[in-house]
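Asks: Please see the structure below; I have some questions.
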Amino acid sequence: MADRIYVIAGKNESLVNARCQELLNELLEPAQRMTALLAVDGDQAVIADVLDELRTLPFLADKRVVAIRDADDFISKHREILEGYFEKPSATGILVLTVSAWDARTRLAKKLPAVGTLLEMEQPRRWELPAHLVQYAVEKHQVRLERDAAELLAERIGEELTQLHNEVDKLVLFARGEKVIRLSHVETLVGRSHVYGAFEVIDALVAGDAGRAVTRLRHMFEEDREAEYSVVGAFAYHVRRMFTAKRLLEKRVSPEAIAKQLRLGYNKSQFFAQLQRVSLAQIASFLEELAAIDYATKTGQAQAAIAIEQLVLRLAGAARA
């Protein structure tokens, strides 16, 4: 029996919603949505209407799909009715529920495997992101994303999974039918302006030039409306390279060897000049500050543009002093 019910569960709302959209694209052609899809938020869903829609014969399609977003309260309110539906779902209707949590101990959860599928959307840990992106590229586009390209993508974009998926989608188009996405593709297309912008901001910062640092930072946000999702990652990418290079310099590794290891393709002399003006402890402190900002923005406690600007002003002031 084909799946008649899908439950998409996860605390990351954007990730859950993105998977729901992908599922709807798999279930229905665009032309079928006008007549075969009902999508409604859980607080607006009426159980009688939902069941009627699922049991009504489809028109100009082979199935009807009902998608209920944020369905936690809807499920709690109508649990007994839904248990009955799970026992005998419609042969021509497909029910999609998105929830923040799915308790495996409930009777509803125990009935699901016989009639449907649970899709649990967990945010990969940072170290798992490259492998996740490699798998996504294969499953979604049937292309191979090389490991070093995936690592650079995660470094430059950050941990926002929906944004990372979007970047992989763009890379596939950019590669024009190639079956392998390489490091050169990522370096050319993804985040180059952000990384170089971060480089310029940090250069002004370590020189104590607060005005130039803030001006360049504001340009980064003006040039790209999506910068708020990737600017912290761009700064972290550059500062991590600074940290690695500084440690290697202290171990008496040559700048030439460091440049090769870190793939420094631009402004090598300026990069090493930056390192001469800061200590390893200062670089580590900068990384800690960026991690705090990343957490604050992801939990809604801060806005990336404001938090980064405040940090830049404070550090530039300290460098000038």
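The values are calculated or read from the model by the stated rules, or taken from the named source; none is laboratory data. The structure displayed is predicted, hence computed values, not measured ones. For neighbour counting, all protein chains shown are included, and Cβ atoms are generated from backbone atoms with ideal geometry for every residue, glycine included.
Asks: Does residue 269 count as modelled with pLDDT of 85 or more, more than 23 Å from residue 184 (Cβ to Cβ) and either acidic (Asp, Glu) or out of contact with any Cys (no Cβ under 6 Å at 6 or more places or on another chain) (or both)?
Replies: Criteria not met by residue 269.
Asks: Among the β-branched types (Val, Ile, Thr) and surrounded by 13 or more Cβ atoms within 10 Å (Cβ to Cβ), is that true of residue 7?
Replies: For residue 7, the condition - among the β-branched types (Val, Ile, Thr) and surrounded by 13 or more Cβ atoms within 10 Å (Cβ to Cβ) - is met.
Asks: If I filter the range 28-36 for residues that are on the phi < 0 side of the Ramachandran plot and either in a strand (DSSP E or B) or in contact with a His (Cβ under 6 Å, 6 or more places away or on another chain) (or both), do I get at least one hit?
Replies: Within the range 28-36, none of the residues are on the phi < 0 side of the Ramachandran plot and either in a strand (DSSP E or B) or in contact with a His (Cβ under 6 Å, 6 or more places away or on another chain) (or both).
Asks: Contact list please: Cβ distance under 6 Å, first residue in the range 109-129 and in a loop (DSSP other than H, G, I, E, B), second residue small (Gly, Ala, Ser), pairs at least six apart or on different chains.
Replies: What qualifies is 121/10.
Asks: Now a separate question. One residue is enough: does the range 174-185 have a residue meeting the conditions under 24 Å from residue 279 (Cβ atoms) and aromatic (Phe, Trp, Tyr)?
Replies: no
Asks: While we're here: Of 34, 1, which residue is over 28 Å from residue 141 (Cβ atoms) and modelled with pLDDT under 95?
Replies: After ruling out the rest, the residue left standing is 1.
Asks: Can you find, within the range 142-166, the residue that is surrounded by the most Cβ atoms within 10 Å (Cβ to Cβ) among those that are charged (D, E, K, R) and without any contact (Cβ under 8 Å) to a residue 24 or more places away in the chain?
Replies: Taking the candidates together, the pick is 151.
Asks: Out of all the residues in the range 58-107, which are closer than 21 Å to residue 122 by Cα and part of a loop (DSSP other than H, G, I, E, B)?
Replies: Listed by number, the residues that qualify are 70, 71, 100, 101, 102, 103, 104, 105, 106.
Asks: Which numbered condition trips up residue 101, out of (1) closer than 19 Å to residue 21 by Cα; (2) touching a residue at least 60 places away in the same chain (Cβ under 8 Å); (3) surrounded by 15 or more Cβ atoms within 10 Å (Cβ to Cβ)?
Replies: All conditions are met except number (3).
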